[in-house]
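Each value in this text was obtained by applying a stated rule to the coordinates, not by laboratory testing. If you're wondering where the values come from, they're calculated on a predicted model, not measured in any experiment. Backbone-built Cβ (ideal geometry, glycine too); neighbour counts: all protein chains shown.
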Amino acid sequence: MPHDDLLDLARSIALEAGALAKQRRTEGVEVAASKSSPVDIVTEADRETERLIRDALAAARPADGFFGEESGAETGTSGLTWVVDPIDGTVNFLYGIPHYAVSIAVVEGEPDPLTWKALAAAVVNPASGELFTATAGGGAFLGAEPIRVAPAVELSQALVSTGFAYDSGERGRQGSVVSQLLPLVRDIRRMGTASLDLCFVACGRANAYYERTLSPWDHAAGALIAREAGATVKGLGDAAPSRDFILAAYPELAVRLERELVRLGV
Ligand code: LIP
């Protein structure tokens, strides 16, 4: 299939980086610094894992660009950029909650989620050993098994995942929206790792996921995996997913959920 070479590289590096993150978790994790707010933290393992990924990609594909959470962006000359969250779900990782991921995607075009075309993606949860992958037009997989979104359900029967910003003011506003959504759906899940939230929609472990204020590296890989599994993955209206908003769900449910969220003031 097209892009299998890119997928093989993403997969192998994600597994190697995941093994490093898991090792560092067993050795003990401490906060190295805070970023946008006192609760937006980075650990030394985040930085070390991104260095491993960045060095491996530079060795294998030196002409490609890089766009990572911890070490920033570097433009390449190949037209391809690797979008990397070395440890997505950093707070889960810090607390020893076994639900965090290495997320690696390669995109074509400018490294802008509003315009890029994702070509290949790998998301690995080192704690569970689960590896989600996809290529554009090649389908989505959990390990070697093809995955598909859950069939359409009524909004009242939908298990909906979401997440919250690191900014306390924005969290208050997001809490108001989710408290109004809660009685309208089956239930809410807040798992703490956007890339896995998107992969869970892809394999039917949740009916829908939405969030605001994500960074590009949080959703670059998971969005391709969910889309290749049959989900609608979108922003508000006709927009592509971005920091402003992302929603992933079975197509008919995506329409109903977005309409309700807009009514609730998302
Ligand atoms: C996290 C996302 C999560 C969101 C958190 C945070 P990080 O990314 O995966 O969905 O709710 O606020 O943004 O910071 O762990 O890479």
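Please identify the helices of the chain, taking whole runs of DSSP H, that span at least 27 Å along their own axis as judged from the Cα atoms and have a mean Kyte-Doolittle score of -0.5 or higher. Mind showing how you got there, number by number?
Working: long enough: 4-27 (34 Å, -0.33).
The answer, listed by residue number, is 4-27.
Checking the a/c ratio against 1.5 first, then a/b against b/c, what shape does the Cα gyration tensor give for the stretch 166-216? Walk me through the numbers on the way to the answer.
On the way: a/c = 2.79, a/b = 1.21, b/c = 2.31.
It comes out oblate by the Cα gyration axes.
Pull out the extension gain between ARG190 and ASP244, defined as 0.36 nm times the separation in residues minus the alpha carbon to alpha carbon distance; nm, one decimal.
Length gained between ARG190 and ASP244: 17.6 nm.
Taking every pair of alpha-carbon atoms in the chain, what share in percent sits in each 10 Å bin, from 0 to the bin with the longest distance?
7, 33, 37, 20, 3, 0
Run the reach check for LYS22 against lysines, Cα to Cα strictly under 25 Å, same-chain hits fewer than 8 apart removed. What comes back?
Hits, sequence-local ones excluded: LYS35.
Please sort by residue number the trypsin sites (Lys or Arg not before Pro) in the stretch 1-91 whose DSSP state is loop and whose Cβ has at most 16 other Cβ atoms within 10 Å.
LYS35
Along Cα→Cβ, 7 Å out, is where each label goes; now give me the distance between the ones at LEU15 and GLU44 in nm to one decimal.
Going by the 7 Å Cα→Cβ label model, 2.9 nm.
Treating each Cα of the stretch 4-146 as an identical point scatterer and ignoring solvent, apply the Debye formula and state log10 I(q)/I(0) at q = 0.09, 0.11, 0.13 Å⁻¹.
Taking Cα atoms of the stretch 4-146 as identical point scatterers yields -0.26, -0.39, -0.54.
Any lysines with Cα under 23 Å of the LYS117 Cα? List them, leaving off those in the same chain fewer than 8 positions away.
Excluding near neighbours in sequence, the set is LYS234.
What translational D, rounded to a whole number of µm²/s, comes out for the stretch 155-264 from Stokes-Einstein when the hydrodynamic radius is the Kirkwood one over Cα pairs, at 10 °C and 1.306 mPa s?
118
By how many nm would the segment from SER78 to GLU27 lengthen if fully extended, with 0.36 nm per residue of separation less the alpha-carbon distance? Provide the component values of the computation, followed by the final result.
Working: separation 51, 0.36 × 51 = 18.36 nm, distance 3.84 nm.
Taking SER78 through GLU27 to full extension adds about 14.5 nm, to one decimal.
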